[in-house]
Amino acid sequence: MKKGNGGEKMTQDTTVLLDERRIFKPSKEIIERAHIKDWEAEIEKGKDIEKYWAEKAEQFEWFKKYDKVLDDSNKPFYKWFVNGKINLAYNAVDRWIHTEKRNQVAILYVNERGHEKKITYYELYREVNKLANAFKNLGVKKGDKVSTYLPMCPELIITLLACTKIGAIHSVVYSGLSVGAFVDRVNDAEAKVILTADGTYRRGKIIDLKKISDEAVLRCPTVETIVVVNHTGSKIEISELSGREIFYDRLIEGEPVECEPEHMDAEDPLFILYTSGSTGKPKGVLHTTAGYMVGVATTLRNVFDIQDDDLWWCTGDIGWITGHSYVLYGPLLLGTTTVVYEGAPDYPDPGVWWNIVERYGVTKFYTAPTAIRHLMRFGNRYPNIYDLSSLKILGTVGEPINPEAWVWYYKNIGKEKTPIMDTWWQTETGMHLISPLPSAPLKPGSATKPLPGIDADVVDVDGKPVPMGKGGLLVIKTPWPAMFRTLYKDEQRYMDVYWTDVPGGVYSAGDMARKDEDGYFWIQGRSDDVLKIAGHRVGTSEVESAFVSHPAVAEAAVIGKSDPIKGEVIKAFLILKEGKKLDTNLIEELSRHVRYELGPVAVLGEMEQVEKLPKTRSGKIMRRILRAKEEGKDLGDTSTLEE
């Protein structure tokens, strides 16, 4: 029997192998500064979800106040802030220009070549309005779709805000996807306008985006206009443009710097964002306006304790949900400065991120565990070169962070002073759902507890809570404001994938988890990545954590491999730290180490040293690709992968 999201139906609890008991308590200074000083009291307050989220909605300017906080009459098609009228771009940009934030930097753009550009809230306001007016002149109306194929550049942020200002629905295509992936996403969204660029910077090279875009749009019949940003200065001539192409600068030239915001219904669509599609047809996740706005702003403010003097940096790409929620919308809704970085984390050297932290005085830093593990390969010499004392809070997003990577991050980047906010959420959830707050005691590798206003649990296939310490399915039991509303043009798939797996009308996340004696959640990995070893079901994250806890290993990915005697054994793909080689001695040492860490259940088959692991652009390891390669099967579309 198959799970709706492609995994095997779970038939029993997963076995828990790791036992992490270290606790890191927040300093007195962190608690005194925090917006929320009593974590547990705030969680208790959030149990009345309608009252809680209504209070959070008060921070925004509404054109018309909503009639009802939550409409749950047509589950699972929930509605939030019913009949309210609002505009997200107005709340993210316009309202700040009448305050002292008018001349504050909104966007600090930096690239791997050291180039920078600073855009104040007032400058951003003018640029967004000019492009919004230009879109209107192109015939873009409320509800029309605009797709982008742009690098991490200021024009990408301006484009999305301009769409939001006039009620157009944006759909970002990550600027590293193949022609086929581009075509699928643009055609499914039925985009009227596409914005692309001459190129993007990546590890010292300029990647030609326009060439890919040119090939793709030949197969996109709904596209009427292609707007080209001259980002890298590769000097495309006007004579090279087709009849439906126009340069970005030409498009906005002479446009008025004022534009009235569209009065959007709370439930009007905001954007469509396609998941990586690594297991089949990409899913068009549809988010709407008011609930998403309230959710992302509230969680960013609470989880990272955003203050007026902060410089916020989330390393995520706007091509994925992390960038939408916590590079673009969340920071601007809070009136903070957001760093937008274009480039790789290890170019021109593995100290490039820490150089930026020192140069600009970044205070809050949010990245993926895979990036942390990658940078661990080079030891602590690069972090030690730079002054990282400006950092106050760190965070992680993507896969679960294993305890040893957590401790390395805490010691070498946070200098044992900064708490780490290990956040669990998804494209579909829109916002953080499980995460500590700065005032919470932390356990390395645990996302701690559901945030205030969120009701999560770990259950079996019948929807019954599993015993403490046992693994099961992670579910969300009540709606939350930033939740997606459907899959675009596929309501049946929306219900089948997310709402029918587990009885009780709960949202099934597709992840395995367990809860410990303190109610802390430990994410064990995807339910369709579970290993079946010697009669036990084991989460991949625990086995990988055991490998990474060895001083020779930087990153690990494990899969189950068929064995004629034992049924299934573990095969590990290992990235070793600089100077290490997987010889016979190290294999024996790792076997003993993993068996000591996990017990006799961990039946190891093979180990293979690799230079890279297949990862999505959002930092998730694609074990499906490793399994397919191991079994000699077709890999499918791999353009969604970073490595």
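The values are calculated or read from the model by the stated rules, or taken from the named source; none is laboratory data. Since this is a predicted model, take the numbers as computed values, not measurements. Backbone-built Cβ (ideal geometry, glycine too); neighbour counts: all protein chains shown.
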Kindly indicate whether Glu555 is surrounded by 17 or more Cβ atoms within 10 Å (Cβ to Cβ), under 26 Å from the mean Cα position of the chain (by Cα) and modelled with pLDDT of 85 or more. yes
Among Ser508, Ser446, which is in contact (Cβ under 8 Å) with a residue 12 or more places away in the chain, within 17 Å of Thr429 (Cα to Cα) and of a type in the set (S, T, N, Q)? Ser508
If you scan the range 2-12, which residues turn out to be surrounded by fewer than 19 Cβ atoms within 10 Å (Cβ to Cβ), assigned to a loop (DSSP other than H, G, I, E, B) and either in contact with a strand residue (DSSP E or B) (Cβ under 8 Å, 6 or more places away or on another chain) or at pLDDT 95 or above (or both)? Gly4, Gly7, Lys9, Gln12
Would you please list the contacts, defined by Cβ atoms under 6 Å and residues six or more apart or on different chains, that run from a residue in the range 66-90 that is assigned by TED's automatic domain parsing to the domain that holds Ala132 to a residue that is surrounded by fewer than 20 Cβ atoms within 10 Å (Cβ to Cβ) and at pLDDT below 95? Lys75/Gly505
State the number of residues belonging to the range 281-309 that are out of contact with any His (no Cβ under 6 Å at 6 or more places or on another chain) and either part of a loop (DSSP other than H, G, I, E, B) or small (Gly, Ala, Ser) (or both). 14
Scope the range 39-65; condition in contact (Cβ under 8 Å) with a residue 60 or more places away in the chain and surrounded by 15 or more Cβ atoms within 10 Å (Cβ to Cβ); matching residues: Trp39, Glu42, Ile43, Lys45, Gly46, Ile49, Tyr52, Trp53, Lys56, Ala57, Phe60
Would you mind stating whether Gly430 is assigned by TED's automatic domain parsing to the domain that holds Arg485, surrounded by 21 or more Cβ atoms within 10 Å (Cβ to Cβ) and farther than 20 Å from Cys314 by Cβ? no
Could you say whether any residue in the range 634-642 is at pLDDT 75 or above and not assigned by TED's automatic domain parsing to the domain that holds Leu273? no
Specify which of the listed residues (Lys25, Lys101, Lys45, Lys37) is of a type in the set (Lys, Arg), assigned by TED's automatic domain parsing to the domain that holds Leu487 and farther than 19 Å from Leu300 by Cα. Lys25
Out of the range 43-99, which residues are among the hydrophobic types (A, V, I, L, M, F, W, C) and more than 27 Å from the chain's Cα centre (by Cα)? Trp62, Phe63, Val82, Ile97
Which one of Leu218, Leu138, Leu150 is surrounded by fewer than 20 Cβ atoms within 10 Å (Cβ to Cβ) and either outside the structural domain of Asp346 (by TED's automatic domain parsing) or closer than 14 Å to Tyr248 by Cβ (or both)? Leu138
Counted residues in the range 403-426 being of a type in the set (Gly, Ala, Ser) and either farther than 22 Å from Arg514 by Cβ or in contact with a strand residue (DSSP E or B) (Cβ under 6 Å, 6 or more places away or on another chain) (or both) come to 1
Starting from the range 569-584, take each residue that is in a loop (DSSP other than H, G, I, E, B) and list its partners that are of a type in the set (D, E, K, R) and surrounded by fewer than 19 Cβ atoms within 10 Å (Cβ to Cβ), counting only C-beta distances under 8 angstrom and pairs at least six apart or across chains. Lys577/Arg377; Glu578/Arg377; Leu582/Glu608
Return yes or no: is Thr336 crowded, with 23+ Cβ neighbours inside 10 Å, at pLDDT 95 or above and under 26 Å from Arg102 (Cβ atoms)? yes
Name the pairs whose Cβ atoms lie under 6 Å apart, with the first residue in the range 227-253 and on the phi > 0 side of the Ramachandran plot, the second modelled with pLDDT of 95 or more and surrounded by 12 or more Cβ atoms within 10 Å (Cβ to Cβ), and 6 or more positions between them or separate chains? none
Touching a Leu at 6+ places or on another chain (Cβ under 6 Å) and at pLDDT 95 or above - does that describe any residue in the range 228-235? no
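Let's see how each residue does on (1) farther than 30 Å from Lys283 by Cβ; (2) in contact (Cβ under 8 Å) with a residue 12 or more places away in the chain:
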residue: Arg381; (1), (2): yes, no
residue: Leu388; (1), (2): yes, yes
residue: Val397; (1), (2): no, yes
residue: Pro400; (1), (2): no, yes
residue: Glu404; (1), (2): yes, yes
residue: Ile413; (1), (2): yes, yes
residue: Lys417; (1), (2): yes, yes
Those residues of the range 41-74 that are farther than 20 Å from Asn87 by Cβ, assigned to a helix (DSSP H, G or I) and aliphatic (A, V, I, L, M) come to a total of 3
Residues that are in contact with a Lys or Arg (Cβ under 7 Å, 6 or more places away or on another chain) and under 30 Å from Asp634 (Cβ atoms): list the helices (runs of 4 or more DSSP H) wholly contained in the range 176-278 that include at least 1 such residues. 179-189
Taking only the range 547-557 into account, find how many residues are part of a helix (DSSP H, G or I) and either free of Cβ contacts under 8 Å to residues at least 24 places away in the same chain or closer than 12 Å to Ile401 by Cα (or both). 1
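Residue-wise test of (1) more than 30 Å from Lys79 (Cβ to Cβ); (2) buried (at least 19 other Cβ atoms within 10 Å of the Cβ); (3) not assigned by TED's automatic domain parsing to the domain that holds Lys117.
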| site | (1), (2), (3) |
| --- | --- |
| Leu177 | yes, yes, no |
| Gly180 | yes, no, no |
| Val193 | no, yes, no |
| Thr200 | yes, yes, no |
| Arg203 | yes, no, no |
| Val229 | yes, yes, no |
| Ser234 | yes, no, no |
| Pro269 | no, yes, no |
Subset of the range 464-493 (residues that are of a type in the set (Ser, Thr, Tyr) and surrounded by fewer than 21 Cβ atoms within 10 Å (Cβ to Cβ)): Thr478, Thr486
Please find, among Tyr329, Tyr341, Tyr382, the residue that is farther than 26 Å from Tyr121 by Cα and at pLDDT 95 or above. Tyr382
Within the range 236-248, how many residues are surrounded by 12 or more Cβ atoms within 10 Å (Cβ to Cβ) and either of a type in the set (Val, Ile, Thr) or closer than 22 Å to Lys117 by Cα (or both)? 4
Tally up the residues in the range 344-367 that are crowded, with 22+ Cβ neighbours inside 10 Å and either in a loop (DSSP other than H, G, I, E, B) or not assigned by TED's automatic domain parsing to the domain that holds Ile413 (or both), please. 2
Odd one out for Glu112, checked against (1) surrounded by fewer than 20 Cβ atoms within 10 Å (Cβ to Cβ); (2) more than 30 Å from Glu342 (Cα to Cα): (2)
Pick from Pro436, Pro400: which is at pLDDT 95 or above and buried (at least 24 other Cβ atoms within 10 Å of the Cβ)? Pro436
